[in-house]
Each structure stands twice: as C-alpha cells, then as structure tokens.
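Here's the structure, in structure tokens; my notes come after.
The values are calculated or read from the model by the stated rules, or taken from the named source; none is laboratory data. Every value quoted in this text rests on a predicted model; they were computed, and no experiment measured them. Reconstructed Cβ throughout: ideal geometry from the backbone, glycine too, with neighbour counts over all protein chains shown. For the accessible areas, the whole protein counts, side chains as well, though only heavy atoms, and no ligand, DNA or RNA atoms are used. Shrake-Rupley method; radii C 1.70, N 1.55, O 1.52, S 1.80 Å.
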Amino acid sequence: MTADSTPALVKQADAAADGPPAGPSAARGPRARNTTAYLKYVAAKIAGAVVSLFAVLVTSFFLFRLIPSDPVKQMTGGRPVSAEQLESLRHQLGLDQPMWQQFTSYIGDALTGDFGVSFAYHAPVIDKIVEKLPATLLLTGTAYVLYSIIGIWLGTRTAWRNGSAGDRFNTALALTLYSVPSFWLGLLLIIVFSVGVGPIPGMFPTGGMSSGDTSGFDYVIDVAHHMVLPVITLVAVGYAQTLLVMRSSLLDEMGSDYLTTARAKGLRDDVVRRRHAVPNAMLPTFTLMFVNLGHVVAGQILVETVFSWPGLGSLFYQGLSTPDLPLVQGLFFVFATAVILANTLADVLYPLLDPRVGR
C-alpha cells in the first residue's frame, strides 16, 4: 500500500463513521420502502374498487332489463288501458327512448348520485333508500354484532378443545345451521313461536317493525319485540359461518412452534390462547367480518321479506315485482357498493395486522 493511498482510506473511514451522506437517498431506509410499498398496495386496491363500482353500475342497468315483464303493464294492474295511454306512460317514464340513450342518461345521472324516480312510489330513489336504511341497519346491525361475538367466542373454545363432546356438538350444529336457507328457518320460527305449535304458544309478532299504536319507551319495547325472530334467524346463520372460519383458523395455529415456546416459558393455557393463538387466528375471521359488514347495509332480502320488515331488502323485493327499474337499479348499486367498500377497507387494513401482505 503506497503512502498516497493512505489519506484516501482515512477519508473513507471517517465518512463511514459519520454515517451515510445527506440527501434524498438518506431517507430511503427499510421503513420508507415499506411505506411506499404499502401506499402502492392501497392505491391498487382503491383503483380496483373504482373499476368494480363502474362494472356494477353498468351491470345494474342491463341486468334488470332481462326480466320478462313490462313495467307499464304491471303498473296498470291489468286494468283496461288504451294503447295511447300505455304509450304516453312509457314516454313519461322514458322507456320509449333508445336503449343507448337510456344507458347514457342513467350513467350520467348515477355518477352524480341521481338514480331517477321510482315508478311505483313516484319519489326519488335516493329518498326511498334513505327512508328505509335505518330499519335495515337496526335489524342487520344488531344481528351482526351478536353473531360476530358468539361465533368468535364459540369458534375459539371449540377449536381449543378439539375432539371434545362440546366441539363435536357445536361444529355439527354450526354446519347444520349454515346449510339451512335463512328464509326457511324464518318461516319455521314464525310457525313455532308466532302461530304456536302444540304446547308452545304464539309469543312474537308474525312480521312488521311495530304495532303502530305505541310511543316513547313502549315503542322501543315494541320494536325490540318485533325484532326477536328475525334477529334470531340472522344470528343462527351468521354465527355458524363465523364459528367455522374461526375454528379452522385456530386449529391451523395450534401446532405452531411459537405456542410450544410460550408454554415452555410457563404461561398458562388460557394466556397462550388469548395472547398468542387467537390474535393470529383472527386474520381470516377479520376478513369475513368486513365482508359481512358490507351485507349489513345490503340487508337480507329474504329474511326481511318473510318477516315483512320495512327495510331495504323488503323494498328491493317489492321493486322486483313490478319491475321498478330505477328502484332496483339504485338498490342493487347501493348493495354492491357497500360490499365492495367493506372488502376494500379489509384489504387496506389487512397489511397493518399481517406485515407479510402488501409488501
């Protein structure tokens, strides 16, 4: 090594000791790279959600026009109407326009939040949705909270005691309820607990949201009384799905080495389950909960129809019977939007719980 090279080596050592040079590259550490990757991941998910929403918007226009029914004739109720009157009504509803013109008008109005005027109710579709939304949120929101808590709790206990009598019973019951159509279960509950069978008297209303002659606290009690059977129907099906997913996820975690290490440290079994196993097993259940959260807005069409619950699901069923094209198109878009947004939110939050995703 020559004497001329010695000062250069000393300068390099001093520069290394002082740290990396200042500038744009100094901030590009692991954390900055992870943040950039996460932002790209979020942007991709949001872009995918926007594309999905537009696809739903297009689908909602053409899908319900495949229904083999004439809205104008359905609205006249079979009454004798002249051809001129039918043509005038079609003109008022905009059904005499070419299909491409109806499509472009629908897309343009929908992008501004205008879904048109309901054929049957003669009111803006968005007003009818806002009117019926609270009833749906009350029913399905209550059921969502209950079946999420029950499903996670029972799924954890059955998996942790895999093979026990309780595990076999709860798993068999969950599989049975998960396979039962919700409308059939609702009808069965009405027959048994509303009409009454044998020694079981009719204890609950057959349908509706209230009796219509109460106010104040009595109204709250009346609504709660009407909610019992539809909530039980929704909880029975929803908890079964949550239990099965939570049980399967926890069983996959139970053989992991980190649980053996936690036990070797002397931790109690319930602490190992609560602090180590359950948080990791919650990830698939977390995604399922967000998917179900989207269905809280969409409601349960068949359950609301069976129990005559005045929510969005029942409104959608009534719109299909006409068919009330603006109404069903608007409701279909709202339902799909709720599910897409819930899924997108789950995708965005998932990497925060599991760093392996989105990196």
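Counting only other residues whose beta carbon sits under 12 Å from that of His276, what net charge do I get with K and R as +1, D and E as -1? List each step's numbers first, then the result.
On the way: positive: Arg263, Lys265, Arg268, Arg273, Arg274, Arg275; negative: Glu253, Asp257, Asp269, Asp270.
That sum, taken over residues with Cβ under 12 Å, equals +2.
Using DSSP to call loops (not H, G, I, E or B), can you name the trypsin sites (Lys or Arg not before Pro) in region 261-297 whose Cβ has at most 12 other Cβ atoms within 10 angstrom? Kindly include the intermediate steps, with their values, before the conclusion.
Details: sites: Arg263, Lys265, Arg268, Arg273, Arg274, Arg275; in loops: Lys265, Arg268.
Answer by residue number: Lys265, Arg268.
For region 147-238, the square roots a ≥ b ≥ c of the C-alpha gyration tensor eigenvalues yield an a/c of 1.5 or more together with a/b exceeding b/c, which makes the shape prolate.
Remark: region 248-326 carries 45 Å² of accessible area per residue (probe radius 1.4 Å; ligands, DNA and RNA excluded).
Run the accessible area of region 208-292 with a 1.4 Å probe and give the carbon-and-sulfur part as a rounded percent. Can you show the working numbers first?
Details: 2410 of 4200 Å².
Reported share for carbon and sulfur atoms: 57 percent.
Here region 240-359 is treated with +1 on each Lys and Arg Cβ and -1 on each Asp and Glu Cβ, and its dipole about the Cα centre works out to around 560 debye. Loop-located chymotrypsin sites (Phe, Trp or Tyr not before Pro) across region 159-238 with a Cβ neighbour count of 12 or fewer within 10 Å are lacking, with loop assigned by DSSP.
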